[in-house]
Amino acid sequence: VYPSEANFVLLELKQPCRLSENLAETLWRRGFAVRDCSRLPGLDGAYVRVTVGTRLENKRFVECLESVLEDA
C-alpha cells in the first residue's frame, strides 16, 4: 500500500497484471469500490485502487480481500 492523502489507497499486487483485473472485478461484485489500475501510465505491474470507507467497511474489505486472495 502506498501512502495517500486522498480517499483511496493504491495496492501493488505481487502477481501478474491479470490478477489485478480479476481481483478488482471480484471485489466490485462483493460491493467494494475498487478499480484495476494496472494499465495506467507509470504503473508497471499489478495495481488496484481501493476507496477508503469507515473503519467497519475497511475491516470488512480486508477480510474479504484475504478470503479472495486465499482462493486465488
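Quick check, is Tyr47 outside any helix (DSSP H, G or I), open to solvent by 90 Å² or more (accessible area, probe 1.4 Å) and among the hydroxyl-bearing types (Ser, Thr, Tyr)?
Considered against the rule, which asks whether it is outside any helix (DSSP H, G or I), open to solvent by 90 Å² or more (accessible area, probe 1.4 Å) and among the hydroxyl-bearing types (Ser, Thr, Tyr), Tyr47 comes out as no.
Here Cys64 passes the criteria (1) touching a Cys at 6+ places or on another chain (Cβ under 9 Å); (2) surrounded by 11 or more Cβ atoms within 10 Å (Cβ to Cβ) except the one numbered (1). Considering Asn22, Asn58, the condition of being without any contact (Cβ under 8 Å) to a residue 12 or more places away in the chain and polar (S, T, N, Q) is satisfied by Asn58 alone. Scanning the stretch 50-61 for residues that are open to solvent by 50 Å² or more (accessible area, probe 1.4 Å) and either part of a helix (DSSP H, G or I) or under 17 Å from Pro3 (Cα atoms) (or both) gives Thr51, Val52, Arg55, Leu56, Glu57, Asn58, Lys59, Arg60. Within the set Glu21, Glu5, Glu25, the sole residue that is outside any strand (DSSP E or B) and either in contact with a strand residue (DSSP E or B) (Cβ under 7 Å, 6 or more places away or on another chain) or of a type in the set (Val, Ile, Thr) (or both) turns out to be Glu21. Checking every residue in the stretch 14-33 against the condition of being hydroxyl-bearing (Ser, Thr, Tyr) and surrounded by 14 or more Cβ atoms within 10 Å (Cβ to Cβ) gives at least one match. In the set (1) farther than 17 Å from Glu70 by Cα; (2) of a type in the set (Lys, Arg); (3) modelled with pLDDT under 80, the condition left unmet by Arg35 is number (3). Taking the stretch 28-45 as the search range and keeping residues that are among the small types (Gly, Ala, Ser) and touching a strand residue (DSSP E or B) at 6+ places or on another chain (Cβ under 7 Å), which one is nearest to Phe61 (Cα to Cα)? This residue is Ala33.
The values are calculated or read from the model by the stated rules, or taken from the named source; none is laboratory data. All values reported here derive from a predicted model rather than from experimental measurement. Counting neighbours? That spans all protein chains shown, and the Cβs are built from the backbone with ideal geometry, glycine included. SASA here: full protein model, heavy atoms, side chains in, ligands and nucleic acids out. Shrake-Rupley method; radii C 1.70, N 1.55, O 1.52, S 1.80 Å.
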